[in-house]
Amino acid sequence: MILKFIGSLVFWLLSILLIFPAATLLPEQETSQPATSIKQSVPFDDTKAFLENELNTVDVVSDIGPSVAAINVGVPGDDVTPFGDTPPELLPPELRDLLPYLDDDLPQQQGSGSGFVVNLRSERFLVTNYHVVQDALRVGTTRTREGASITAVFPGSDMEPIALRVVGANPSFDLALLAGKDGADAFVGFAGIEIADSDRVRVGQKSIAIGNPFGLESTVTTGIISAVERFTPSVGRVRVPMLQTDAAINPGNSGGPLLNSQGQLIGVNTSILNPEGRSSAGLGFAVPSNILLEAMAN
């Protein structure tokens, strides 16, 4: 009897130990849920998510990006019709009657580049390369050709494209200064980029390019200054001591800013060397900012 009683007692004690621990786990699991949700609600910390160099690039692009525009140039094309080279007098009358309507819809050659806002004598202007707008100008002048157009689009802005005119040009250094076509300040709300002393640029320092390559607005690339006072035969009409960078520059980047880590302008992206027909081979060139300052002062 005693053994039977002890066996029953042991059985009940074991049952109690097995049941109660299992029951007490449930409240612990329930209270762990809020802890998980609290952890997920912690604010995103940029200083931990990005490296210092990455944060610097993010800050520069955030500050300067809105002041970089895509420049689009439209130029009247050749006087062509769907009838090829056939003289009008040899066309059937019904086709000859269409010619006046076709003349009003001549094809346009399209080009694009980049530009950025600067302050000059308390006014805002847009800087770009002369070769970006050259085809839209009458030879030897800054006047726009009949039927040609130059417009700027600022990324992230709900503004219509801004019609522009060339108010200053320096083909020798491949630079042009643009203003609103109607004469008013067309760049209200866009900050002018601070211009640095390009004589202080050093090989190896960080470089940031912002532009419109292949029509892709607000494209950002980074690299270093690969060389200074690099002379290339394809820029302007005189030998220009260019800044060389390995930040990717492609067609459409022309006229965009090359910046230092302070977000200051050190050069105007102008040309590339592309052996074997490649678009970017890490050999980009920019007109130094001091040359831009000299050109704007004249």
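Scanning region 255-298 for residues that are open to solvent by 50 Å² or more (accessible area, probe 1.4 Å), modelled with pLDDT of 95 or more and assigned to a loop (DSSP other than H, G, I, E, B) yields one hit, Gln262. Filtered by the rule that a residue be in a strand (DSSP E or B) and without any contact (Cβ under 8 Å) to a residue 40 or more places away in the chain, region 169-200 gives Ala169, Gly180. Asp246 meets each of the listed conditions (1) touching a Lys or Arg at 6+ places or on another chain (Cβ under 7 Å); (2) modelled with pLDDT of 95 or more apart from (1).
Against the test of being modelled with pLDDT of 95 or more, outside any strand (DSSP E or B) and either open to solvent by less than 20 Å² (accessible area, probe 1.4 Å) or touching a helix residue (DSSP H, G or I) at 6+ places or on another chain (Cβ under 9 Å) (or both), the options Val166, Val203, Val133, Val127 yield a single qualifying residue, Val133.
The values are calculated or read from the model by the stated rules, or taken from the named source; none is laboratory data. Note that this is a predicted model, so its numbers are computed, not measured. No Cβ is skipped: glycine too gets one built from the backbone with ideal geometry, and neighbour counts run over all protein chains shown. For accessibility, only protein heavy atoms count, side chains too; no ligands or nucleic acids. Shrake-Rupley method; radii C 1.70, N 1.55, O 1.52, S 1.80 Å.
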